[in-house]
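K.L.:
This is the structure I have questions about; it appears just below.
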Amino acid sequence: MTWSLTTTPLALSGFVILLGVVFFLINRRQRFMQRLIKAATAMLEGDYNRKVDELPRGKLRQLGRTLNQLGAQWTKQLDLIEQDRTKLEAILSGMIEGVVAIGHQNRILFYNQTAQQLLNIPPHIEETANLVEVVRIPELNEMIKEVRHRDKVVQREIFAYQNQEELFLSSHAAPIDLKEAKGVVLVFHDITPLRRLEKIRKTFVDNASHELKTPLTAIKGYVDTLLESSTTDSATQAHFLSQIDKNVDRLINLTNDLLSLTKIESGKMSQHYTVLDIVPIVTEAVSRHHQRIKQQRLELKLLLEMEKDRAILVKSDSQTLHQLLDNLIDNAIKFTHAGGTIRVRVYCQANRAILEVADTGIGIPEHELERIFERFYQVDKSRDRSQMGTGLGLAIVKHLVQGMKGEVKVESSVGKGSQFTVSLPLSVKD
């Protein structure tokens with residue numbers, strides 16, 4: 001009995017200690033499990049950078065390391081996906097083509113900046129908006145329906161008005177497979193400049209053909225009359241030959257102007273600009289037209305407003321300036337009646353060289369001023385065309401001035417005359 005009484009407290013103490021150790025181990029294991037659960041939950045919520053601290057050896061440590069490796073791999077994959085997405089967005093944003101992707105019920109999934117501009121998509125629009133409702137272009141809606149119905153690529157040229165301007169789009173639509181439904185990706189290329197160039201080319205060909213046909217028809221008529229008539233007197237023959245000569249000159253002038261304009265617009269005209277004084281060139285150009293001005297019984301005023309012994313320097317070449325002045329002075333002479341005045345003025349203003357050619361001629365209606373520099377544009381179409389120019393002079397002037405980094409404008413009043421003002425940047429001697 002004595003041994004039993006003395007060993008019972010020891011056994012009880014051992015049991016308590018063992019129980020404490022068991023609770024400690026259980027509690028420690030629970031803390032480790034909670035850390036694993038928290039890390040897994042964080043990863044589930046998107047925080048793949050959450051790490052599990054080193055756990056005791058065994059299955060828990062292996063599980064913790066597996067979670068850490070899984071988080072690192074997911075982070076790496078997401079980084080790669082983000083890089084690819086950024087690259088794709090950069091490529092699509094930099095494209096000159098507009099790109100739009102739509103899904104179920106034509107809901108917008110994606111569009112780039114070019115598409116927004118071409119289709120006039122409002123800024124900050126929800127990407128779930130219906131494209132057909134946002135972009136009200138009937139041809140676009142029909143195109144999308146055709147793609148969904150045929151499940152094939154569809155190409156079409158779409159015409160629309162955007163901001164009161166014509167818009168021509170070469171459109172390409174292709175079906176795409178989405179998880180929830182069939183989608184469509186649309187690619188738009190703006191061909192408006194191309195269509196405008198085609199229209200300009202057609203107008204140019206029509207006008208050039210007409211301008212060439214008029215003198216050629218006249219020449220043909222006079223030549224046929226001379227050949228068919230053996231009784232034509234010398235005075236009549238001289239008149240016919242004079243008219244033929246005038247129309248040949250007109251053809252030569254038209255051909256030369258066409259060649260000049262083509263060279264200027266194509267950039268093939270050799271322009272070796274140097275710094276030169278505009279005053280002697282203006283004086284020479286005016287004197288070259290003096291006899292014609294006298295024959296037309298016009299008064300000429302040349303005003304050179306500059307400081308004493310001070311040149312007015314611009315960057316150009318003499319040929320360009322002579323061609324510019326000849327066209328402006330010739331234009332003034334043609335449209336000014338006898339007794340009228342032509343004024344040529346040169347001066348400096350705010351670091352610009354200003355050249356004015358003014359007349360007291362028939363003037364230009366206000367509504368036609370914007371078109372005066374168009375090729376073949378004629379204001380007074382009722383006049384005898386043999387007395388008019390080729391219709392290319394002012395178009396040449398405009399391109400020459402632009403080539404010298406200058407500006408040209410016109411002010412006019414019907415019955416009172418016109419004033420053409422050319423502004424060129426002043427330059428200095430090298």
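We did not get these values from a lab; they are worked out from the coordinates using the rules stated. Note that the structure is a prediction, hence the values are computed from the model and not measured. Neighbour counts run over all protein chains shown; Cβ positions are idealised from the backbone, glycine included.
K.L.:
Give me His239, His189 ranked fewest to most by other Cβ atoms within 10 Å of their Cβ, as a rough exposure proxy.
P.N.:
Least to most surrounded, the residues fall as His239, His189.
K.L.:
List, in the order given, every pair from Lys301/Lys334; Lys202/Lys334; Lys199/Lys334; Lys220/Lys294; Lys246/Lys409 whose Cα-Cα distance in the structure shown is over 24 Å.
P.N.:
In this structure, Lys202/Lys334; Lys199/Lys334; Lys220/Lys294; Lys246/Lys409 exceed 24 Å between Cα atoms.
K.L.:
Let me ask something else about it. Count neighbours as other Cβ atoms within 10 Å of each site's Cβ, and list the GluC sites (Glu not before Pro) in segment 276-313 that are DSSP loop with at most 11 such neighbours.
P.N.:
Passing sites in segment 276-313 are Glu305, Glu307.
K.L.:
Please arrange Leu254, Leu194, Leu131 by counting, for each residue, the other beta carbons lying within 10 Å of its beta carbon, fewest first.
P.N.:
Placing the least packed residue first, the sequence is Leu194, Leu254, Leu131.
K.L.:
Count neighbours as other Cβ atoms within 10 Å of each site's Cβ, and list the trypsin sites (Lys or Arg not before Pro) in segment 271-318 that are DSSP loop with at most 14 such neighbours.
P.N.:
Passing sites in segment 271-318 are Arg297, Lys308, Arg310.
K.L.:
Now, a different point. Using the count of nearby Cβ atoms within 10 Å as a rough guide to exposure, how do Tyr222, Tyr111, Tyr161 rank from fewest to most?
P.N.:
Tyr161, Tyr222, Tyr111
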